[in-house]
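One structure below.
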Amino acid sequence: MRVIYVFDTYCGWCYGFESVFSKFLKNHPEISLEMYSGGLFVGGETIKASMLEHVKESNARITRYYGVPFGDTYEKQLAAGNLKMDSVKPAIAFALVREMLPKTQWGEFIYEVQRAFYIDGKDLNEPEIFVDIARNLGVDADKYASELKNNWDNKTLAEDDFKKSDSFGVESFPTLLIEVDGKYHNLLSGANTVEKLEQNFRNYSQLGEGDTAPSCKIDGSGC
């Protein structure tokens, strides 16, 4: 069963959904999972003062929908304009750890990275953050740290993921698709709990093309 998940570390709706998806994956080692970073912010962006209220309102909606928190440290960094977001570095980190973790833990890794950002306000341009998370998930931390050091500026690793995401026609993050008889079906609709996602998974053949869920558009709108 082929499932494709496209996300971005700096997508708040992805953070919310990862709280569900990470648990779902642990229940389904049989899934042939493909998981790619989408490239929402490239080049290093900060939240402009004019966007601050919009971001706060969006975060409040994410909390209501998924029940995930946004930490005080993150909120202070956000208000001060100190959060620099560049999707390339987290994408590189994920591309490397993807080779070291079982697929059932991919979602957990990303969720913990997002918690480090959205709760603790940590700078994801620092490779040590990813190493600590990988270590806690059972990865050989020394090996992973070495791979990160050697590839930290290897943008090709991130760009390959971004191109793969584009190949699926992804227009918003998160996107979760299941392939059936060569056709892709949306698994994300209404799945704000593990139980609802499991139901979607069981009933994928009945999903309508018009089903939608909250998301971040590629142009950054809707986040």
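Among the residues of segment 110-121, is any among the acidic types (D, E), on the phi > 0 side of the Ramachandran plot and surrounded by fewer than 16 Cβ atoms within 10 Å (Cβ to Cβ)? Scanning segment 110-121 turns up no residue that is among the acidic types (D, E), on the phi > 0 side of the Ramachandran plot and surrounded by fewer than 16 Cβ atoms within 10 Å (Cβ to Cβ). T73: in a helix (DSSP H, G or I) and polar (S, T, N, Q), yes or no? It is true that T73 is in a helix (DSSP H, G or I) and polar (S, T, N, Q). Out of the residues in segment 27-53 that are surrounded by 12 or more Cβ atoms within 10 Å (Cβ to Cβ) and over 22 Å from T175 (Cα atoms), which is modelled with the highest pLDDT? Going through the qualifying residues, I end up with L52. Restricting attention to segment 123-147, the residues being free of Cβ contacts under 8 Å to residues at least 24 places away in the same chain and part of a helix (DSSP H, G or I) number 9.
When E171, E99 are checked against the criterion of being surrounded by fewer than 16 Cβ atoms within 10 Å (Cβ to Cβ), farther than 19 Å from F24 by Cβ and without any contact (Cβ under 8 Å) to a residue 24 or more places away in the chain, a single residue qualifies: E99. Could you list, ordered by first residue, the pairs with Cβ atoms under 7 Å in which the first is in segment 189-214 and in a helix (DSSP H, G or I) and the second is hydroxyl-bearing (S, T, Y) and modelled with pLDDT of 85 or more, at least 6 apart or interchain? Listed by first residue and then by second, the contacts come to N200/S189.
The values are calculated or read from the model by the stated rules, or taken from the named source; none is laboratory data. None of the values given here were measured: they were computed from a predicted structure. Cβ coordinates were reconstructed from backbone atoms using ideal geometry, including for glycine residues, and neighbour counts include every protein chain displayed.
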